[in-house]
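Below: one structure, written as structure tokens.
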């Protein structure tokens, strides 16, 4: 059974708007696709462990797995897409995390939707280097969706990082990528027509 792995953003959760929206859409329109969205902490090694276990399980069972990542989830989707040769839809993805995350270290961090509390240390930031993908080697694996009005991330960095990939750049909007539901059908078509890179 095909599986959609939705990867939420930094300090977010499966309760985020886009995660809930795609889950409901799949339930109504594509019940043949299994939905998966784990609650992820901001700790890199923990994140990678959870996500890789899901991907490896699907691969071992011979099931197609599709990646969809928003913001920091786009960072993780890229790591997985490159390592395991998987298709990924990226929504306002974070690409310059080494400059973004230092301001969050040694502070109490609250999950936006749960009671979970975190505290990132310098070692956590150092771990990110294991998972960063500065050069995209499988450009056909990606569909980048960004809005120029993103108030959190500079969309131009994503456009540059994924310059060889399929891109949709919308004027205006915001970091949440309003009305993303317009792309659900097209995202599924992108996944199902994907041909793995050699």
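The residues of region 52-70 that are in contact with a helix residue (DSSP H, G or I) (Cβ under 6 Å, 6 or more places away or on another chain) and either under 13 Å from residue 4 (Cα atoms) or in a helix (DSSP H, G or I) (or both), listed by number, are 55, 65, 66, 67, 69.
Among 133, 129, which is surrounded by 12 or more Cβ atoms within 10 Å (Cβ to Cβ), in contact with a helix residue (DSSP H, G or I) (Cβ under 9 Å, 6 or more places away or on another chain) and on the phi < 0 side of the Ramachandran plot? Give the steps one after another, and end with the answer.
Working: 129 fails: surrounded by 12 or more Cβ atoms within 10 Å (Cβ to Cβ).
The match here is 133.
Pairs meeting the criteria (first residue in region 163-187 and modelled with pLDDT under 90, second residue surrounded by 13 or more Cβ atoms within 10 Å (Cβ to Cβ), beta carbons under 8 Å, at least 6 apart or on different chains) are 178/147.
Residues of region 71-100 that are touching a strand residue (DSSP E or B) at 6+ places or on another chain (Cβ under 7 Å), in a helix (DSSP H, G or I) and over 19 Å from residue 137 (Cβ atoms): 73 alone. Here residue 38 passes the criteria (1) over 25 Å from residue 173 (Cα atoms); (2) in contact (Cβ under 8 Å) with a residue 24 or more places away in the chain; (3) not in a loop (DSSP other than H, G, I, E, B) except the one numbered (3). Which fully enclosed helices (runs of 4 or more DSSP H) of region 103-198 have 3 or more residues being more than 17 Å from the chain's Cα centre (by Cα) and within 23 Å of residue 5 (Cα to Cα)? Filter on region 103-198 gives 184-192.
The values are calculated or read from the model by the stated rules, or taken from the named source; none is laboratory data. These numbers come from a predicted model, not from an experiment. FYI the Cβ positions are ideal-geometry reconstructions off the backbone, even for glycines, and counts take in every protein chain you see.
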